[in-house]
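Below is one structure, written out as structure tokens; the observations come after it.
Each value in this text was obtained by applying a stated rule to the coordinates, not by laboratory testing. From a predicted model like this one, the values you see are computed outputs, not experimental measurements. Neighbour counts are summed over all protein chains in view; Cβ atoms, including those assigned to glycine, are modelled from backbone coordinates with ideal geometry.
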Amino acid sequence: MTDEARGLRPRPDGPLDLAPWPDRLSAFVVDPRRRIHGYAGAEDLALNYGFVDILRLSLCGELGTAEDARMIDAALALLAPVGVFESPGRSALLAQMGAGDPRAGIEVGWISLCERASTLLERHASFVAWLEQGARGEAPAGPAMPELGDPICEPAFIEHWRARCESLCPGLTQVQAALCLLQAAGLRERGARLLAISLAGIGTVVAEAGAGAKLGFKGHPGDLPSTRLRAPDRRDHDD
């Protein structure tokens, strides 16, 4: 019903009404034929490339090399372990138990993973700036993040990748090493880093929530945050 029909004085046009607006959405990645930056899904990408290749294509606008894909895979592997002792794992578990549906665990876990990724990048701002400036000089020390679980990267891993990723050096944490690999593979925008870090942990978070939800609320400690976490006894799985 119009303002006139309601007996109201017509509202004058405001700045938003008077501004010129396009009459169509602009598509930059996926066209109406479902092509990603010009590459057909079923005829090309699904037959010849993997998920990491398509992720890089979507974010960067072009396919990377096989080496780029391997570096992204390695970075995701370093970032994958996100346990129930971290916010995404705990919140996903509680959400799935409360709703009785894995969808709730996935939704809440993903949002929490995105928040965690943002926090992680904020705490590594000086290291990211060092990478963006060409990794010149000594790498900045990483922040102490015991709650996010960031151990020193194994020397064998650094040695394996250093020829292909020159910013890697001994003494880096796993998060720092992952950021080096993502940078070398072409994922250099903040959004690309946030997505990669979040995506890496979704599998472990969802799996942990699904396993823990089977215990129900009675199997979940009620004295948080003083709960002590322990690894399951291997003998529990041998029966």
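Tell me whether the chain comes out rounded, prolate or oblate; compute the Cα gyration tensor, take square roots of the eigenvalues as a ≥ b ≥ c, and use a/c under 1.5 as the rounded threshold. Oblate, because a/c is 1.5 or more while a/b does not exceed b/c.
Can you tell me, using C-alpha contacts under 8 Å and at least 6 residues apart, the relative contact order of the range 74-194 as a whole percent? Could the numbers behind the result be given before it?
Details: 111 pairs, mean separation 31.4, N = 121.
It comes to 26 percent, rounded to a whole number.
A simple spin-label model places pseudo-atoms 7 Å from Cα toward Cβ; at Thr65 and Asn48 they are separated by 1.8 nm.
Label sites at Glu166 and Phe28, each approximated as a point 7 angstrom past Cα along Cα to Cβ, lie 3.0 nm apart.
What is the fewest-to-most order of Val30, Val128 by other Cβ atoms lying within 10 Å of their Cβ? Don't skip to the end; give the middle numbers.
On the way: Val30 12, Val128 19.
By the 10 Å Cβ count, ascending, the order reads Val30, Val128.
Can you tell which of Ala75, Gly134, Thr65 lies farthest toward the positive end of the dipole of the chain, using +1 and -1 charges on the Cβ of basic and acidic side chains (Lys, Arg; Asp, Glu)? Of the options given, the answer is Ala75.
Calculated from DSSP H runs of 4 or more alone, at -39500 (n - 2.57) each and per residue, what is the 222 nm mean residue ellipticity of the chain, nearest 500? Please report the intermediate quantities before stating the final value.
Values: 10 runs with 117 residues, N = 239.
Counting only the DSSP helices, I get -15000 deg cm²/dmol.
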